[in-house]
Each structure stands twice: as structure tokens, then as C-alpha cells.
Amino acid sequence: MTITDPTHTATTAHAASEATHASEAAHASEAADIDVARAALRARLLDDGVLIDLGSPGLYGRTGVFTRVYDAVDAAAVRSQADLDADVLRFPPVEPLAAFEQTDYIASFPDLAASISGFTGDDRTHRALLAARERGERWESFLQPADLMLTPAVCHPVYGLVTGTLPDGGRMFDIVGDSFRREPSLDPMRLQAFHMHEFVHIGTPATAQQHRDGRIPVMRELLESFGLEIDVVPANDPFFGRVGQMLARNQVEQSLKFEFVTPVYGHDHPWTAISSANLHEDHFGTSFAIRTADGEVAHSACIAFGLERITIALFAAHGTDPDAWPTEVLAALGL
Ligand code: ATP
Ligand code: MG
Ligand code: ZN
């Protein structure tokens with residue numbers, strides 16, 4: 001595994017850690033600069049007909065040219081992991097509250113979580129809703145939580161399915177689907193609704209670590225074959241609140257998660273994570289009562305391709321007309 005230059009920070013990196021490299025004033029101007037760079041990429045993607053603004057930050061419609069590249073990225077990602085012989089599973093974009101509960105996501109990322117609500121009221125409540133709407137007021141408070149959460153990470157629903165004892169060698173899954181995270185942003189690399197393609201292993205501590213570490217060179221090679229400059233750096237997730245600071249430190253100190261970052265906005269700005277490789281240790285094994293064939297608590301690891309981020313990084317690096325991209329890049333994508 002090659003880990004180079006850990007000073008690069010992904011877009012999640014907090015201002016505090018960046019500020020250690022620069023004075024406050026310089027930092028403020030750097031922040032303004034990156035906003036300009038983000039706005040420029042966003043405008044280019046919209047003007048050139050790659051994405052369609054849906055009127056809410058981080059929500060886009062996708063056109064034919066976007067889809068052509070996105071599908072090629074996904075297919076290349078799948079080809080690169082074919083040797084895993086993973087079991088294919090697909091899930092809806094929402095998960096039962098009970099399953100969401102068991103992941104503990106609400107403890108670490110309450111600010112990113114989002115739930116589904118539905119109308120369960122009677123005629124009178126409906127009239128009150130309509131009256132509020134007539135007055136131009138928000139009416140969603142008339143809806144009730146529906147015991148469904150939008151799935152923030154596509155592997156979540158799998159752990160409940162393997163409760164109990166794993167077969168020898170553990171399990172390997174191929175899961176792609178919708179993710180929702182409530183992080184509205186004008187950065188076209190940070191969406192609210194996006195997709196990740198994950199290859200998830202659940203097994204022993206050794207096989208989980210082997211999965212996380214062993215796939216890193218393969219993923220790096222794939223992303224580099226797309227003509228993207230890639231660095232692999234320890235991740236620093238934005239765990240929420242005071243306890244979160246401890247979890248974030250733990251994640252970095254124990255090198256649990258690595259991100260594949262690329263300089264979408266140039267070398268002077270934080271690089272953006274387009275994929276990740278994450279070791280959960282016994283987190284899900286304990287919560288979902290999963291045991292290995294020898295009766296130990298199972299460990300798990302995921303590798304995740306951020307499909308929109310890779311696609312948009314390609315448009316940023318090579319332009320918005322794929323027909324004009326370098327032939328090696330088109331070949332790597334099978335285009
Ligand atoms: P970031 O640090 O940029 O917030 P993350 O650590 O939250 O990313 P993961 O949880 O590792 O991301 O998710 C796997 C992949 O999904 C990421 O590497 C990234 O490519 C993609 N991804 C994550 N959040 C978003 C988002 N808001 N919009 C688009 N893609 C995303
Ligand atoms: Mg994030
Ligand atoms: Zn996962």
C-alpha cells in the first residue's frame with residue numbers, strides 16, 4: 001500500500017486543521033478562492049449540459065453525457081473488482097428505522113441523517129395543512145415520521161442480513177445504490193443524493209484488514225488509468241460534536257479509513273475524496289451480532305467508489321466533451 005503525502009486533506013477536513021498551515025487571513029482568502037473554483041466548475045457543468053440544477057444545493061438532474069461517463073465509470077469499477085466474486089445485492093434508497101438504529105449512524109453523524117415522513121392525519125388535519133399552505137407557510141410539520149430513514153451508506157442494510165454465524169472465509173458483497181446525506185453545498189463534488197458502489201467483506205479481523213488493504217492498490221491503479229492524479233491519505237470524517245472529536249482522532253490514529261483524493265480544484269486547494277477504503281473492525285459485527293465460523297465477533301471492511309465524484313472529477317480533468325478525451329482514458333473507461 002502506498003500512502004503518500006498525508007498533508008493533503010479531503011474536502012471534509014475541518015478549517016481548524018487547514019488553519020495550522022496558514023495564517024487566518026491567508027486561510028480566509030484560500031477559502032474564498034476555493035469557493036470561486038467550485039462555482040466555476042459548477043457553472044461549467046450546468047452551462048455545458050452535463051448536470052441540471054434542480055433548485056436545491058447538491059441536487060442535480062443528469063443528462064445523456066453525464067450518464068454515458070457515469071455508466072462507464074461504474075462498469076470499470078465492477079470489472080476491477082471481478083476477482084472478488086462478490087454476491088450482488090441491491091437495496092431501496094430508504095432503510096427501516098430499526099436497521100438504521102443498529103448502525104449507530106445517528107450517534108456519529110446526526111447532522112447528515114434524514115428521515116421520511118408521511119401524512120397520517122384526518123380530514124381536519126388535512127384542512128389545517130391546506131390552510132397553512134394557502135397562507136404560504138411550511139406544511140411539512142403536518143407529516144409524521146414514518147419509521148424509514150434515507151440510506152446514508154449503501155452497505156447499511158447488509159449487516160442485518162448476515163446476523164448469526166458466517167461461513168468459513170466470510171462473505172463478500174457487491175452493493176450499489178442511492179445514498180442521501182443532508183450536506184447541502186454549491187460544491188458540485190458534494191451532493192445530497194448520490195451513489196456509491198461498495199465491495200463489502202465481513203469475516204475475521206485478518207480477512208477484513210486484508211480486504212481493506214489489498215484493494216487499495218487496485219483502486220488506485222483504476223483511478224489513475226482514468227488520467228486522474230491520485231493520492232491515498234488517512235481519512236478524517238466529520239464526526240459530530242465533542243465525542244465526535246474523539247472518534248475522529250481515533251479514526252486517524254488507528255488508520256481505519258483511507259481516501260483516494262484528487263486535485264479537482266488544483267494543487268493549492270484541498271484535494272477531494274472520490275473513493276474510500278474503510279475498516280470498521282468489530283463495529284457492525286458487535287451491533288448486528290455477526291460471528292465468524294470460529295465463534296469470534298466478525299470484523300468488516302468496505303471499499304467504496306463515489307460514482308458521481310469520479311464522474312465529475314473526469315469532466316473537471318478532461319473537459320465536458322468525452323469525445324475529445326485522451327484515447328488512453330477512453331480505453332480505460334471502455335468508451
Ligand atoms: P467526504 O469526506 O468528502 O465527506 P466521506 O468520507 O463522507 O466523503 P464516504 O462515507 O467514505 O465519504 O463515502 C464513500 C464515497 O462516497 C466517498 O469517497 C465519496 O466519493 C462519495 N461521497 C461521500 N459523500 C458524498 C457527497 N456528499 N456527494 C457525492 N459523493 C459523496
Ligand atoms: Mg462526508
Ligand atoms: Zn460501507
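If you average the alpha carbon positions of the stretch 259-335 and of the stretch 176-212, how far apart do those two centres end up, in angstrom?
Distance between centres, Cα-based: 7 Å.
Count charges around Ala113 for me, please; just the other residues with Cβ under 13 Å from its Cβ, Lys/Arg as +1, Asp/Glu as -1. It would help to have the intermediate numbers written out before the result.
Numbers: positive: Arg181, Arg182; negative: Glu95, Glu101, Asp104, Asp111, Glu183.
Net of charged neighbours comes to -3.
Could you give me the percent of Cα pairs per 5 Å distance bin for the stretch 145-288, shortest bin first, beginning at zero and ending with the bin that holds the maximum distance?
Calculated P(r), rounded to whole percents: 2, 8, 14, 20, 23, 18, 10, 4, 2, 0.
When the accessible area of the chain is split by element with a 1.4 Å probe, what percent falls to carbon and sulfur?
Values: 8560 of 15820 Å².
Heavy-atom surface of the chain belonging to carbon and sulfur, 1.4 Å probe: 54 percent.
So what is the calculated 222 nm ellipticity per residue for the chain, using -39500 (n - 2.57) for each DSSP H run with n of 4 or more, over all residues, to the nearest 500 deg cm²/dmol? Show your work: numbers first, answer last.
Working: 12 runs with 133 residues, N = 335.
Mean residue ellipticity, 222 nm, calculated: -12000 deg cm²/dmol.
Please get the size of the charge dipole for the chain, origin at its Cα centre, with Cβ charges of +1 on Lys and Arg and -1 on Asp and Glu, quoted in debye to the nearest 20.
Using Cβ point charges on Lys, Arg, Asp and Glu, the chain gives about 700 debye.
Using DSSP loop states and a limit of at most 12 other Cβ atoms within 10 Å to flag trypsin sites (Lys or Arg not before Pro), what is the longest stretch of the chain containing no flagged site? Let's see the in-between values first.
Values: sites that count: Arg90, Arg135, Arg138.
Value returned for the longest uninterrupted segment is 139-335.
Compute a Gaussian network model of the chain, connecting alpha carbons closer than 10 Å, and tell me which residue from Ile52, Ile274, Ile290 fluctuates the most.
Ile52
With springs only between Cα atoms under 10 Å, which of Met246, Met196, Met219 fluctuates most in a Gaussian network model of the chain?
Of the options given, Met246 has the highest mean-square fluctuation.
Please report the equivalent ellipsoid semi-axes of the chain, computed as sqrt(5 x eigenvalue) of the Cα gyration tensor, largest first, in whole Å.
Numbers: eigenvalues 181, 170, 93 Å².
Each semi-axis is √(5λ); the values are 30, 29, 22 Å.
Largest first, what is the accessible-area ranking of Glu140, Glu296, Glu198, Glu253 with a 1.4 Å probe? Walk me through the intermediate numbers first.
On the way: Glu140 75, Glu296 110, Glu198 5, Glu253 140 Å².
Ranking Glu140, Glu296, Glu198, Glu253 by accessible area, largest first, yields Glu253, Glu296, Glu140, Glu198.
Summing Lys, Arg as +1 and Asp, Glu as -1, what charge do residues with Cβ under 14 Å from the Cβ of Asp147 carry, Asp147 excluded? Please report the intermediate quantities before stating the final value.
Working: positive: none; negative: Glu95, Glu101.
Spelling it out: positives minus negatives among the neighbours equals -2.
Could you please report the charge total around Tyr60, scoring K, R as +1 and D, E as -1 over all other residues with beta-carbon less than 9 angstrom from its beta-carbon?
Details: positive: Arg62; negative: Asp53, Glu308.
Local charge sum for Tyr60: -1.
The values are calculated or read from the model by the stated rules, or taken from the named source; none is laboratory data. All values reported here derive from a predicted model rather than from experimental measurement. A quick note on method: Cβ atoms are made from the backbone with ideal geometry, for glycine too, and the neighbour counts reach across all protein chains shown. Side chains are part of the model used for accessible areas, which takes the heavy atoms of the whole protein and leaves out ligands, DNA and RNA. Shrake-Rupley method; radii C 1.70, N 1.55, O 1.52, S 1.80 Å.
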